[in-house]
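A.B. asks: Structure below; questions to follow.
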Amino acid sequence: MVTITKKEFRKFADYIKINYGINLKEEKQALVMGRLQNVLIENNFKSFSEYYDYVISDKTGNAVVTLINKITTNHTFFMREIDHFNYFKDKVLPYLKKVASDRDLRIWSAGCSTGEEPYTLAMIIDEFFSKEKMWWDSKILATDISSRVLDSAIKGIYGNEEIDLLPSSWKVNYFKKYDKENSIITDKIRNEIIYRKFNLMDEIFPFKRKFHVIFCRNVMIYFDPKTKAKLINKFYDMTERGGYLFIGHSESLNREETKYKYIMPAVYRKE
């Protein structure tokens, strides 16, 4: 096993924080060493310093993609923090149906991981509008910095155990059998999601129109307070008046530092 020194870990941690906002604390040193071990072995790097130099000098961008895919934690599941989805269905969608005169819903799943969140939102929207759905543009933008999880999300294949607790009507209407152990999201729902690789640390958000709803849940737990505050301000600027921001239950906003109004745990609104 190739070991990582404190100095080497600090170089990686600083690079990742500056470029991707992820704050790797010292206690993560062993985790980083473990997750990158195979990369070093497969490429015959003798030290983490040698690997770091390779990442920095690689002009193709492939090396940093591998680094981020290895470092990021992508734990999610269908209907995670279900009260958010209930609020979205019972409060947010009826409001948007009333105010969106152009029938254009703009929803962003930021840090979408393997797709469970945006697919859940798409199924809720389809069920809510029912036959009226054909008159609405409700495609969801889903972004992540990890190409690995985006590839998985685009495929839309999930183990039968993963969808076991979903409503029976959803399993019938929105999934098809893929093989003995897996099911695949139907094209009707998969086509409702636009997947893109995107770094939340980019200075400019290249979106032409503001969003009615932004889901960014359990992403900012990896950011330090300054990075988080800066991101929240950018989210606010990209939110339509009357729009909503959903964050993770383990996260919170400093109400003195944000213009968002607190609605309920981990739900905020731009008034």
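A.B. asks: Looking only at region 129-154, which residues are within 20 Å of Asp104 (Cα to Cα), out of contact with any strand residue (DSSP E or B) (no Cβ under 6 Å at 6 or more places or on another chain) and surrounded by fewer than 19 Cβ atoms within 10 Å (Cβ to Cβ)?
C.D. replies: Pass one, region 129-154, residues within 20 Å of Asp104 (Cα to Cα): 129-143.
Next, from what is left, pick out any that are out of contact with any strand residue (DSSP E or B) (no Cβ under 6 Å at 6 or more places or on another chain): 129-136, 138.
Listed by number, the residues that qualify are Phe129, Ser130, Lys131, Glu132, Lys133, Met134, Trp135, Trp136.
Conditions tested, residue by residue: (1) within 22 Å of Ser113 (Cβ to Cβ); (2) of a type in the set (S, T, N, Q); (3) part of a helix (DSSP H, G or I).
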| position | (1), (2), (3) |
| --- | --- |
| Lys133 | no, no, yes |
| Thr143 | yes, yes, no |
| Trp170 | yes, no, yes |
| Met201 | yes, no, no |
| Lys228 | yes, no, yes |
| Leu231 | yes, no, yes |
| Lys234 | yes, no, yes |
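A.B. asks: With the requirement that a residue be not β-branched (Val, Ile, Thr) and not in a helix (DSSP H, G or I), what does region 217-226 give you? Working first, answer last.
C.D. replies: Restricting attention to region 217-226, the residues satisfying the condition of being not β-branched (Val, Ile, Thr) are 217-218, 220, 222-226.
The answer is Arg217, Asn218, Phe223, Asp224.
A.B. asks: So is Arg255 in contact with a Phe, Trp or Tyr (Cβ under 7 Å, 6 or more places away or on another chain), farther than 19 Å from Asn23 by Cα and loosely packed, with under 13 Cβ neighbours inside 10 Å or not? Full working, then the answer.
C.D. replies: Numbers: in contact with a Phe, Trp or Tyr (Cβ under 7 Å, 6 or more places away or on another chain): yes; farther than 19 Å from Asn23 by Cα: yes; loosely packed, with under 13 Cβ neighbours inside 10 Å: yes.
Considered against the rule, which asks whether it is in contact with a Phe, Trp or Tyr (Cβ under 7 Å, 6 or more places away or on another chain), farther than 19 Å from Asn23 by Cα and loosely packed, with under 13 Cβ neighbours inside 10 Å, Arg255 comes out as yes.
A.B. asks: Please give the helices (runs of 4 or more DSSP H) falling wholly within region 1-72 in which 1 or more residues are exposed (fewer than 12 other Cβ atoms within 10 Å of the Cβ) and hydroxyl-bearing (Ser, Thr, Tyr).
C.D. replies: Values: elements: 6-20, 29-42, 48-57, 62-71.
Because the criterion is at least 1 residues that are exposed (fewer than 12 other Cβ atoms within 10 Å of the Cβ) and hydroxyl-bearing (Ser, Thr, Tyr), the helices (runs of 4 or more DSSP H) in region 1-72 that meet it are 48-57.
A.B. asks: Let me ask another. Condition (residue is within 18 Å of His84 (Cβ to Cβ), among the aliphatic types (A, V, I, L, M) and in contact with a helix residue (DSSP H, G or I) (Cβ under 9 Å, 6 or more places away or on another chain)) applied to region 223-242: is it met by at least one residue?
C.D. replies: Yes, there is a match, as at least one residue in region 223-242 is within 18 Å of His84 (Cβ to Cβ), among the aliphatic types (A, V, I, L, M) and in contact with a helix residue (DSSP H, G or I) (Cβ under 9 Å, 6 or more places away or on another chain).
A.B. asks: Mind telling me which of the residues Asp224, Asp187 ends up being within 25 Å of Tyr174 (Cβ to Cβ), surrounded by fewer than 15 Cβ atoms within 10 Å (Cβ to Cβ) and in the same structural domain as Glu117 (by TED's automatic domain parsing)?
C.D. replies: Details: Asp224 fails: within 25 Å of Tyr174 (Cβ to Cβ).
Sole residue among the options that is within 25 Å of Tyr174 (Cβ to Cβ), surrounded by fewer than 15 Cβ atoms within 10 Å (Cβ to Cβ) and in the same structural domain as Glu117 (by TED's automatic domain parsing): Asp187.
The values are calculated or read from the model by the stated rules, or taken from the named source; none is laboratory data. This one's a predicted model, so the numbers in the text were calculated from it and none came from an experiment. Glycine also receives a Cβ, built like all others from the backbone with ideal geometry; neighbour counts cover every protein chain displayed.
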